[in-house]
Amino acid sequence: MRVEPGRASETWNFGPSLALDDSFPFVCAGCGDCCRHRNDLVLSGYDLYRIARRLHLSPRIVAHAFCKEYIAPQSCLPALCLTPDPQTGHCRFFEGNACTIHDARPLACALYPLGQSIDPVSANVEYHAQLPLCGVCVRERTLRQYLDDAAIPDRTGIDARWAVVCTRISDQLLAAGGREHPHFAAAARRIHKALYLEYELGDDFYPQFQENTAQLMPLLARILS
């Protein structure tokens, strides 16, 4: 299973992977089209934590106010999707043709128009170009420069670890029968809390994520036994 950030219920048609020094001439023109009519943006726990810190609200409040929780059909994992503004249908954080949480925007937004795939066994990260419908072409630009400008390297280790852990949990759920297990609902609630909600904003995300998942795995084993 390869974990790919992006849109819910969408099949990604990735081209060949790009090396860091390959040409990647896309530069955002600030048109805001990628923020309009968005009702499918999936968040990781780190995405939610970063937005919560930016808004000075707890992850629980942000999830309740701005997200929809659902069970991802293939992985059986609880997942969060940003809900659109009920009046415009655009991203909740799109105002005045700009992103109001730009410094804490989700990974899928920071990557656009790239696709990113993470191998949950090796934690190897690959990037793939998708066809952008906007932007400016600056031919001397490389993929490395684009990723640096979007601050992607600063978070790649956390995103890779998220993929590894989520795959382990998914495998455990599926091996136990997935949604057919009599205690699946209880397991899903506990997973949702550990992955998304139980974080103190004054502390760094990753140590809390490690502690949450270290406590979660043996608990899941008991619930699903």
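The values are calculated or read from the model by the stated rules, or taken from the named source; none is laboratory data. These numbers were taken from a predicted model, which means no experiment stands behind them. Methodologically, a virtual Cβ is constructed for each residue, glycine included, from the backbone with ideal geometry; neighbour enumeration extends over all protein chains shown. The accessibility values were calculated without ligands, DNA or RNA, using every heavy atom of the protein model including side chains. Shrake-Rupley method; radii C 1.70, N 1.55, O 1.52, S 1.80 Å.
Across the chain, the longest piece that holds none of the GluC sites (Glu not before Pro) lying in DSSP loops with up to 11 other C-beta atoms within 10 Å covers 11-139. Measuring nothing but protein heavy atoms, the accessible surface of segment 49-115 at 1.4 Å probe radius is 52 percent carbon and sulfur. Across segment 186-194, computed HN-Hα scalar couplings (Karplus, 6.51 cos²θ - 1.76 cosθ + 1.60, θ = phi - 60°) run 5, 5, 5, 4, 5, 5, 4, 5, 5 Hz from first to last residue, x flagging Gly and Pro. Working note: Karplus 6.51/-1.76/1.60 with θ = phi - 60° gives segment 122-127 the couplings 8, 6, 6, 10, 10, 10 Hz, where Gly and Pro are set to x.
Using the alpha carbons alone, the radius of gyration of the chain stands to its Kirkwood radius in an Rg to Rh ratio of 0.97.
For V62, what charge total do you get from the other residues with a beta carbon under 13 Å from its beta carbon, if Lys and Arg give +1 and Asp and Glu give -1? Walk me through the numbers before you get to the answer.
On the way: positive: R50, R53, R54, R60, K68, R92; negative: D47, E69.
Charge balance in the 13 Å sphere: +4.
Counting charges near P16 (Lys, Arg +1; Asp, Glu -1) among other residues having Cβ under 10 Å from its Cβ returns a value of -2. L82 sits with roughly 10 Å² accessible to a 1.4 Å probe, with DNA, RNA and ligands left out of the calculation. Backbone amide hydrogens, once placed in the peptide plane, bring C67 within less than 5 Å of T83, excluding anything fewer than 5 places away on its chain.
How much of the accessible area of segment 123-225, in percent, comes from carbon and sulfur atoms when a 1.4 Å probe is used?
Details: 2770 of 5450 Å².
It is 51 percent, rounded to a whole number.
Rounded to the nearest Hz, the phi-derived 3J(HN,Hα) couplings of segment 213-225 under the Karplus curve 6.51 cos²θ - 1.76 cosθ + 1.60 (θ = phi - 60°) are 6, 4, 6, 5, 4, x, 5, 4, 4, 6, 5, 8, 6, where x marks glycine and proline. Largest GNM mean-square fluctuation among D40, D21, D159, using the chain with Cα springs under 10 Å: D21. For the chain, the per residue solvent-accessible surface stands at 52 Å², with DNA, RNA and ligands left out and a 1.4 Å probe. A crude spin-label estimate for the pair Q130 and A29, with each label 7 Å from Cα along the Cβ direction, gives 1.9 nm. May I ask for the angle, rounded to the nearest 10°, between helix 45-55 and the longest principal axis of the chain, with both axes built from Cα atoms and the value confined to 0 to 90°? The answer is roughly 70 degrees.
Which residue, Y196, Y49, Y146, tops the fluctuation ranking in a GNM of the chain built on C-alpha contacts under 10 Å? Maximum fluctuation in the GNM of the chain, among the listed residues, is at Y146.
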